[in-house]
Amino acid sequence: GQSLEQPSEVTAVEGAIVQINCTYQTSGFYGLSWYQQHDGGAPTFLSYNALDGLEETGRFSSFLSRSDSYGYLLLQELQMKDSASYFCAVGLSGGFKTIFGAGTRLFVKA
Amino acid sequence: GAGVSQSPSNKVTEKGKDVELRCDPISGHTALYWYRQSLGQGLEFLIYFQGNSAPDKSGLPSDRFSAERTGGSVSTLTIQRTQQEDSAVYLCASSPPGTVNTEAFFGQGTRLTVV
């Protein structure tokens, strides 16, 4: 089957760096995306990796290793407003279906 | 509009009734997705539409669920004979040409409660 695994919760301190991991089992996919969702809000796109390596977008970076079936989202200089749920997602090959992980809830403490 | 619009934002219905959920994607976006999210859970794929291609309905949980997209724009998700387990937030997303499977723009969702 096709699945993505993420930790359910992560807690970090304001100003710190946190890494949210995503491991996946898929037969083939185009790339790995990350989305942020605040309570009661819509998921918003953060980052996308089509190729192995690191993509940097401001305070957020995302990494993909296809050989390890693994990716992560790195958040630097954490702010209280970063407290939210973070989802990894893969677009499956052969079509346009995208599947999501169950999400990681990030708590940022003062 | 500027973003993906969904209506209604909230819907309370009695078990056994039919409901229709509407999604207006961003103008020019060729791909449209429906997802379901239960409280505190991830997003469950339901169906996607891509241009004039046949939709991928592989995520629809039962034959009580159906969706259509008229004129390549507005989409309606219909749930017949609603059950309590259908209670969830139903999210619609759209993607512009060339970014399908990479970036999706989500609406605020319709929170469906079946009582």
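The values are calculated or read from the model by the stated rules, or taken from the named source; none is laboratory data. Note that the coordinates shown come from a computational prediction; the quantities given were computed from them, not determined experimentally. Cβ atoms come from the backbone with ideal geometry, glycine included; neighbour counts cover every protein chain shown. Side chains are part of the model used for accessible areas, which takes the heavy atoms of the whole protein and leaves out ligands, DNA and RNA. Shrake-Rupley method; radii C 1.70, N 1.55, O 1.52, S 1.80 Å.
Where a Cα-Cα gap under 16 Å defines reach, which aspartates and glutamates qualify for B:K17, not counting those fewer than 8 residues away within the same chain?
Straight-distance partners of B:K17: B:D63, B:E85, B:D86.
Could you tell me the relative contact order of chain B? Use alpha-carbon pairs under 8 Å, at least six residues apart, and round to a whole percent.
Here the relative contact order equals 38 percent.
Starting from the Cα of A:K109, draw a straight line to each of the aspartates and glutamates and keep only those under 12 Å, dropping any in the same chain fewer than 8 residues away.
Partners found: A:E14, A:D82.
Name the residues of segment A:38-64 whose accessible area, probed at 1.4 Å, falls by at least 50 Å² once all protein chains are in place instead of their chain on its own?
Output list: A:A42, A:P43, A:F45.
Near A:G28, within a Cβ-to-Cβ distance under 13 Å, what is the net charge of the other residues, with Lys and Arg +1 and Asp and Glu -1?
Once positives and negatives cancel, what remains is +2.
Binning at 5 angstrom from zero up to the longest distance, how are the C-alpha pair distances of chain A distributed in percent?
2, 13, 24, 25, 19, 10, 5, 1, 0, 0
Report the net charge of residues surrounding B:S53, where surrounding means a beta-carbon distance below 13 angstrom and charges are Lys +1, Arg +1, Asp -1, Glu -1.
Surrounding charge for B:S53 is +2.
May I ask for the distance between the Cα centers of segment A:3-56 and segment B:72-113, given as a whole number of Å?
That distance is 21 Å.
May I ask you to order A:88-101, A:11-24 by the average number of other C-beta atoms within 10 Å around their residues, highest value first?
A:88-101, A:11-24
Give me a comma-separated list of calculated 3J(HN,Hα) values for segment A:14-24, in order, Karplus coefficients 6.51, -1.76, 1.60 applied at θ = phi - 60°, integers in Hz, x for any Gly or Pro.
3J(HN,Hα) across segment A:14-24, in whole Hz: 3, x, 7, 10, 9, 10, 10, 8, 9, 10, 9.
What Kirkwood hydrodynamic radius do you get for the protein assembly as shown when you take the inverse of the mean 1/r over all pairs of distinct Cα atoms, in Å?
Values: mean 1/r = 0.0556 Å⁻¹.
Hydrodynamic radius (Kirkwood, Cα only) of the protein assembly as shown equals 18.0 Å.
Count charges around B:Q37 for me, please; just the other residues with Cβ under 13 Å from its Cβ, Lys/Arg as +1, Asp/Glu as -1.
-1
Given +1 on the Cβ of Lys and Arg, -1 on the Cβ of Asp and Glu, and no further charges, what dipole in debye does chain A carry about its Cα centre, rounded to the nearest 20? Each step should come with its number before you reach the end.
Values: 6 positive and 10 negative charges, 42 e Å.
Charge dipole, chain A, about its Cα centre: 200 debye, nearest 20.
In chain B, what percent of the accessible surface is made up of carbon and sulfur (1.4 Å probe, ligands and nucleic acids excluded)?
Heavy-atom surface of chain B belonging to carbon and sulfur, 1.4 Å probe: 45 percent.
Could you grab the relative contact order for chain A? Cα pairs under 8 Å, six or more apart, rounded to a whole percent.
36 percent
Could you sort B:H29, A:H38 by accessible area so the largest value comes first, with the probe set to 1.4 Å?
Values: B:H29 20, A:H38 80 Å².
Descending accessible area places them as A:H38, B:H29.
Can you give the Rg to Rh ratio for chain B, taking only C-alpha atoms and Rh from Kirkwood? All intermediate terms of the calculation are to be shown ahead of the outcome.
Details: Rg = 13.3 Å, Rh = 14.1 Å.
Here Rg/Rh amounts to 0.95.
Using a 1.4 angstrom probe, figure out how much accessible area the protein assembly as shown has per residue, in square angstrom, rounded to the nearest whole. Don't skip to the end; give the middle numbers.
Working: 10500 Å² over 225 residues.
Ligands and nucleic acids excluded, the result is 47 Å² per residue.
Kindly compute the accessible surface that chains A and B hide from a 1.4 Å probe when together, both sides summed, and give it to the nearest 100 Å².
1700 Å²
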